[in-house]
Amino acid sequence: MFGRLSTVAFQGVDVITIDVQVQIISGQHAFMVVGLPDKAVAESRERVRSAFESLGLSFPWRRIVVNLAPADVQKEGSHYDLPIALGLLAATKVLPGDVLEDYIALGELSLDSRLAPISGVLPAALHAASLGKGIICPKACGGEAAWAGDIPILAPATLLALINHFKGVQVLSPPEPMMEEAALGPGRVLDLRDIKGQETAKRALEVAASGGHNLLMLGPPGSGKSMMAARLPGILPPLTPSEALDVTMVHSLAGQLNEGKLIRTRPFRDPHHSASMPALVGGGLRAQPGEISLAHKGVLFLDELPEFSRAGLEALRQPLESGKVVISRANAHVTYPSQFQLVAAMNPCRCGYVSDADRACSRAPRCAADYQSKISGPLFDRIDLHMEVAEVSAEDLTKPATGETSAVVAERVKRARDLQEARYQALGMSIRLNAHADGELLDEIATPDEEGLALLKKAAERFKLSARGYRRVIRVSRTLADMEGADGVLKRHIAEALSYRRLHVK
Ligand SMILES: Nc1ncnc2c1ncn2[C@@H]1O[C@H](COP(=O)(O)OP(=O)(O)OP(=O)(O)O)[C@@H](O)[C@H]1O
Ligand SMILES: [Mg+2]
């Protein structure tokens with residue numbers, strides 16, 4: 001007796017079709033799963049057996065062999081329960097085998113035969129669509145699968161409901177695609193207007209948003225750095241439909257989708273500085289995506305930057321450049337997207353008050369140099385905007401908030417981004433933002449006028465700008481020009497861009 005159908009294995013964002021073959025032969029009673037199963041897959045046997053018994057189905061007490069092919073791909077996770085159970089149902093002729101051929105099945109079984117939610121349903125559904133197949137998944141994941149387009153979806157709550165569907169006793173209605181509600185609900189939306197004073201810092205935040213530049217904020221405790229960073233997603237344009245699908249896919253693989261709803265707001269991730277390397281860049285037992293991938297197309301906020309482990313910070317360098325992260329495993333390399341905008345915040349020294357003579361500790365200014373040296377030059381070099389945030393004055397704090405709202409700023413940001421997109425598209429480039437322009441392209445689009453060039457030269461000599469630092473200034477100038485809708489880069493753009501170069505950071 002034989003049953004077969006398809007399921008999937010995940011390798012990063014790549015989805016691989018796995019053939020499940022179930023054979024029942026005579027011989028000594030055994031239930032074997034072969035084809036590189038991990039512990040969770042091996043445990044499927046117990047869950048499947050228990051689910052059969054809870055349904056009162058006679059379990060074949062014979063020799064059962066489940067083969068998961070191709071054999072050289074590691075099978076990980078609990079989503080193999082459902083395909084194994086269905087294969088067994090086909091082999092025992094409870095279900096007709098041919099109806100299963102049109103589907104990819106995945107789901108975890110609980111002991112009482114309910115189907116529990118699993119990660120990775122959206123990428124699996126997209127994969128099924130590309131094969132011209134439908135998908136069978138737990139009910140809780142149906143809304144997620146529905147985003148894969150017009151494919152047949154069966155999302156039962158229990159194994160019994162699925163059996164009844166195939167027998168024509170009870171019809172399963174197709175699930176509706178589900179969307180996430182507005183990020184935080186009314187009254188809790190983080191608005192730029194809440195920030196009093198700090199006009200220079202707010203301007204830098206807008207520049208970062210407009211050109212997609214990475215941003216470092218340096219300032220004493222309580223100056224509003226964390227507050228500012230949390231408001232960056234609110235001034236970025238909303239995700240495009242294809243970006244939303246990309247972001248949702250990574251969250252689905254990480255098992256972090258809220259009830260399978262499509263994510264439409266830009267991610268904002270703020271891992272604690274004690275986060276481990278796998279938590280930060282991805283990896284661990286099942287090569288899960290890390291914070292930098294969960295921040296894909298959004299903002300990664302590293303508060304108290306020097307407190308992060310040096311290895312963790314260095315591991316950011318490659319993804320910052322390439323927009324993806326490659327995790328090496330024993331038998332494969334796994335790639336996740338990680339195109340995030342980095343916002344980092346730090347105090348100038350451990351006590352935080354090195355620039356305030358009255359409050360600085362006795363080790364100033366030595367401690368500032370020590371503290372800041374924890375961050376390597378190459379990492380600093382990948383951050384276009386360095387900004388000093390001053391303490392909020394008492395006067396500003398006592399005044400009512402009268403600044404611009406996030407909505408107003410977001411509109412300007414969108415205009416500046418549209419200009420960049422049109423320019424790079426006309427040039428036939430794949431990049432969309434100034435932050436990703438470099439080399440000759442930068443010379444072509446952002447060479448300043450004569451006055452600007454003279455200022456830049458003077459500054460380069462005076463501040464000993466490195467080649468990278470020089471490029472950073474030009475890149476930011478281009479964004480400043482775009483924010484005004486100006487064609488060329490002028491002296492005033494260079495002057496402002498120079499103000500965002502490293503200040504007190506050694
Ligand atoms: N410009 C401001 N306008 C209104 N409130 C502010 C401002 N700056 C700071 N605050 C208030 O101070 C609190 C602390 O700010 P925040 O946590 O952003 O400071 P921080 O610079 O991140 O400090 P730390 O270095 O200690 O992390 C905020 O929750 C907010 O209530
Ligand atoms: Mg803070």
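The values are calculated or read from the model by the stated rules, or taken from the named source; none is laboratory data. These numbers come from a predicted model, not from an experiment. Note that we place each Cβ from the backbone using ideal geometry, even for glycine, and neighbour counts take in every protein chain shown.
So which residues in segment 52-72 are over 17 Å from residue 16 (Cα atoms), buried (at least 17 other Cβ atoms within 10 Å of the Cβ) and under 39 Å from the mean Cα position of the chain (by Cα), if there are any at all?
52, 66
Might you check whether a residue that is under 12 Å from the mean Cα position of the chain (by Cα) and within 16 Å of ligand 2 (Cβ to nearest atom) occurs anywhere in segment 258-266?
no
Return only the number of the condition from (1) at pLDDT 90 or above; (2) more than 29 Å from the chain's Cα centre (by Cα) that residue 136 does not satisfy.
In the conditions (1) at pLDDT 90 or above; (2) more than 29 Å from the chain's Cα centre (by Cα), residue 136 misses (2) alone.
Please work out which residue is farthest from ligand 1 (Cβ to nearest atom), limiting yourself to segment 224-248 and to residues that are more than 27 Å from residue 177 (Cα to Cα) and touching a strand residue (DSSP E or B) at 6+ places or on another chain (Cβ under 6 Å).
232
What single numbered condition from (1) farther than 22 Å from residue 385 by Cα; (2) at pLDDT 90 or above; (3) surrounded by 14 or more Cβ atoms within 10 Å (Cβ to Cβ) fails to hold for residue 407?
Going through the list (1) farther than 22 Å from residue 385 by Cα; (2) at pLDDT 90 or above; (3) surrounded by 14 or more Cβ atoms within 10 Å (Cβ to Cβ), residue 407 breaks only (3).
From the residues in segment 73-83 that are in contact (Cβ under 8 Å) with a residue 60 or more places away in the chain and at negative phi, which one is surrounded by the most Cβ atoms within 10 Å (Cβ to Cβ)?
Only one residue tops the list, namely 80.
Quick check on my filter: what residues within segment 284-328 are more than 12 Å from the chain's Cα centre (by Cα) and basic (Lys, Arg)?
Once the filter is applied, which keeps residues that are more than 12 Å from the chain's Cα centre (by Cα) and basic (Lys, Arg), segment 284-328 yields 286, 310, 317.
Within segment 93-124, work out how many residues are among the β-branched types (Val, Ile, Thr) and surrounded by 19 or more Cβ atoms within 10 Å (Cβ to Cβ).
The qualifying residues number 3.
Residue check: is residue 172 in the same structural domain as residue 81 (by TED's automatic domain parsing) and within 26 Å of residue 93 (Cα to Cα)?
For residue 172, the condition - in the same structural domain as residue 81 (by TED's automatic domain parsing) and within 26 Å of residue 93 (Cα to Cα) - is not met.
Is it the case that some residue within segment 484-493 is buried (at least 21 other Cβ atoms within 10 Å of the Cβ) and β-branched (Val, Ile, Thr)?
yes
Pick from 306, 289, 337: which is within 16 Å of ligand 1 (Cβ to nearest atom), of a type outside the set (Ser, Thr, Tyr) and not assigned by TED's automatic domain parsing to the domain that holds residue 120?
The unique qualifying residue is 306.
Being in a helix (DSSP H, G or I) and crowded, with 19+ Cβ neighbours inside 10 Å narrows it down to one residue among 468, 472; which is it? Full working, then the answer.
Numbers: 468 fails: crowded, with 19+ Cβ neighbours inside 10 Å.
Result: 472 is the single residue among 468, 472 that is in a helix (DSSP H, G or I) and crowded, with 19+ Cβ neighbours inside 10 Å.
Any residue that is within 16 Å of ligand 2 (Cβ to nearest atom), touching a helix residue (DSSP H, G or I) at 6+ places or on another chain (Cβ under 9 Å) and aliphatic (A, V, I, L, M) - is there at least one of those in segment 130-152?
Checked against the condition, which is being within 16 Å of ligand 2 (Cβ to nearest atom), touching a helix residue (DSSP H, G or I) at 6+ places or on another chain (Cβ under 9 Å) and aliphatic (A, V, I, L, M), segment 130-152 yields no hits at all.
Filter segment 204-255 down to the residues that are among the hydroxyl-bearing types (Ser, Thr, Tyr) and touching a Ser or Thr at 6+ places or on another chain (Cβ under 9 Å), then identify the one that is farthest from ligand 2 (Cβ to nearest atom).
So the residue we want is 252.
From the list 337, 348, pick out the single residue that is modelled with pLDDT under 90 and closer than 29 Å to residue 210 by Cα.
348
Any residue that is acidic (Asp, Glu) and buried (at least 20 other Cβ atoms within 10 Å of the Cβ) - is there at least one of those in segment 287-298?
yes
In the set 422, 454, 416, which member is buried (at least 17 other Cβ atoms within 10 Å of the Cβ) and either assigned by TED's automatic domain parsing to the domain that holds residue 346 or part of a helix (DSSP H, G or I) (or both)? Before you say what the answer is, go through the steps one by one.
On the way: 422 fails: buried (at least 17 other Cβ atoms within 10 Å of the Cβ); 454 fails: buried (at least 17 other Cβ atoms within 10 Å of the Cβ).
Exactly one residue qualifies, and that residue is 416.
Looking only at segment 375-398, decide whether some residue is assigned to a helix (DSSP H, G or I), modelled with pLDDT under 90, in contact with a Cys (Cβ under 9 Å, 6 or more places away or on another chain) and under 30 Å from residue 466 (Cβ atoms). Steps first, answer last, please.
Residues of segment 375-398 assigned to a helix (DSSP H, G or I): 377-381, 394-398.
Among the residues that remain, those that are also modelled with pLDDT under 90 are: 377-381, 394-398.
Remaining after also requiring in contact with a Cys (Cβ under 9 Å, 6 or more places away or on another chain): none.
Scanning segment 375-398, I find no residue that is assigned to a helix (DSSP H, G or I), modelled with pLDDT under 90, in contact with a Cys (Cβ under 9 Å, 6 or more places away or on another chain) and under 30 Å from residue 466 (Cβ atoms), so the answer is no.
On the given criteria, is residue 201 of a type in the set (A, V, I, L, M), surrounded by fewer than 20 Cβ atoms within 10 Å (Cβ to Cβ) and within 14 Å of ligand 2 (Cβ to nearest atom)?
So residue 201 does not fit the description; no.
Scanning for something touching an Asp or Glu at 6+ places or on another chain (Cβ under 8 Å), of a type outside the set (D, E, K, R) and within 30 Å of residue 258 (Cα to Cα), does segment 83-106 turn up at least one residue?
no
Return yes or no: is residue 205 within 23 Å of residue 377 (Cα to Cα), within 15 Å of ligand 1 (Cβ to nearest atom) and at pLDDT below 95?
Considered against the rule, which asks whether it is within 23 Å of residue 377 (Cα to Cα), within 15 Å of ligand 1 (Cβ to nearest atom) and at pLDDT below 95, residue 205 comes out as no.
Would you confirm whether any residue within segment 134-148 is over 24 Å from residue 247 (Cα atoms) and in the same structural domain as residue 14 (by TED's automatic domain parsing)?
Looking for residues that are over 24 Å from residue 247 (Cα atoms) and in the same structural domain as residue 14 (by TED's automatic domain parsing), one finds none in segment 134-148, hence no.
Residue pairs, Cβ under 7 Å, 6 or more apart or interchain, first in segment 260-282 and on the phi > 0 side of the Ramachandran plot, second of a type in the set (Phe, Trp, Tyr). List them.
282/336
Run down 242, 252, 276 and say which single residue is of a type in the set (Ser, Thr, Tyr) and within 21 Å of residue 118 (Cβ to Cβ).
Unique residue meeting the criteria: 252.
So, in segment 425-451, of the ones that are assigned to a loop (DSSP other than H, G, I, E, B) and among the β-branched types (Val, Ile, Thr), which residue ends up nearest to residue 475 (Cα to Cα)?
Only one residue tops the list, namely 447.
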